[in-house]
Amino acid sequence: MSLGTQIVWLLVLAVPVACIAWTVTHEEVFREPREYCLRERSSARSLLLRKFFYLFTCEYCFSHYIAAGMVAITHYRLLFPDWRGYLISFFSLVWVANQYMSIYNRLRLDIKHEKVEIQADEHKIARTADQPHEQRKAA
């Protein structure tokens, strides 16, 4: 497989890794299991159990397991045709997937910020419209 094809595979395979990791660790559809994991990661008696439950609350940690599964399913290798290719592809998938999640998170924050600004402007306009005409002139 050519290097260009390998890079395309990397960029494409990172999308489902990021999507699954983000959905499980952030979205509403998994809220109840995530809240259970949050409680257990703080209160479980053994270190191993606490770390296990932490896995489902951290998108970075969870993306490692999803990337490992994706490499196992697709047999994707990057740069080398042997075990080194699997290792490089695994960590590359994790890194690219986390870049995607960072971009997505930033976009969500920007959209949320814009919504808050729009609501504040609408509130200001509504207050101004409610004032008598003479008070608006004075201001």
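The values are calculated or read from the model by the stated rules, or taken from the named source; none is laboratory data. These figures come from a predicted structure and were not determined experimentally. All Cβ positions, glycine included, derive from the backbone under ideal geometry; neighbour counts span all protein chains shown.
What to note about this one:
- Contact map, the stretch 43-61: residues that are within 24 Å of residue 99 (Cα to Cα) paired with residues that are surrounded by 14 or more Cβ atoms within 10 Å (Cβ to Cβ) and small (Gly, Ala, Ser), Cβ distance under 7 Å, separation 6+ or inter-chain. Pairs shown: 53/44; 59/21.
- Residue 80 meets all of the listed conditions (1) within 18 Å of the chain's Cα centre (by Cα); (2) not in a helix (DSSP H, G or I) but one, namely (1).
- Some residue of the stretch 46-57 being among the hydroxyl-bearing types (Ser, Thr, Tyr), out of contact with any Lys or Arg (no Cβ under 9 Å at 6 or more places or on another chain), more than 11 Å from residue 93 (Cα to Cα) and not in a helix (DSSP H, G or I): yes
- The number of residues in the stretch 1-35 that are more than 19 Å from residue 67 (Cβ to Cβ) and either in contact (Cβ under 8 Å) with a residue 12 or more places away in the chain or among the small types (Gly, Ala, Ser) (or both) comes to 5.
- Out of 56, 30, 52, sole residue that is crowded, with 18+ Cβ neighbours inside 10 Å and either of a type outside the set (S, T, N, Q) or at pLDDT below 95 (or both): 56
- Selection status of residue 100, surrounded by 11 or more Cβ atoms within 10 Å (Cβ to Cβ) and touching a Cys at 6+ places or on another chain (Cβ under 9 Å): yes
Listed here are the residues, each with its yes/no results for (1) among the hydrophobic types (A, V, I, L, M, F, W, C); (2) part of a loop (DSSP other than H, G, I, E, B).
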{"position": "62", "(1), (2)": "yes, no"}
{"position": "76", "(1), (2)": "no, yes"}
{"position": "91", "(1), (2)": "yes, no"}
{"position": "96", "(1), (2)": "yes, no"}
{"position": "99", "(1), (2)": "no, no"}
{"position": "108", "(1), (2)": "no, no"}
{"position": "120", "(1), (2)": "yes, no"}
{"position": "123", "(1), (2)": "no, no"}
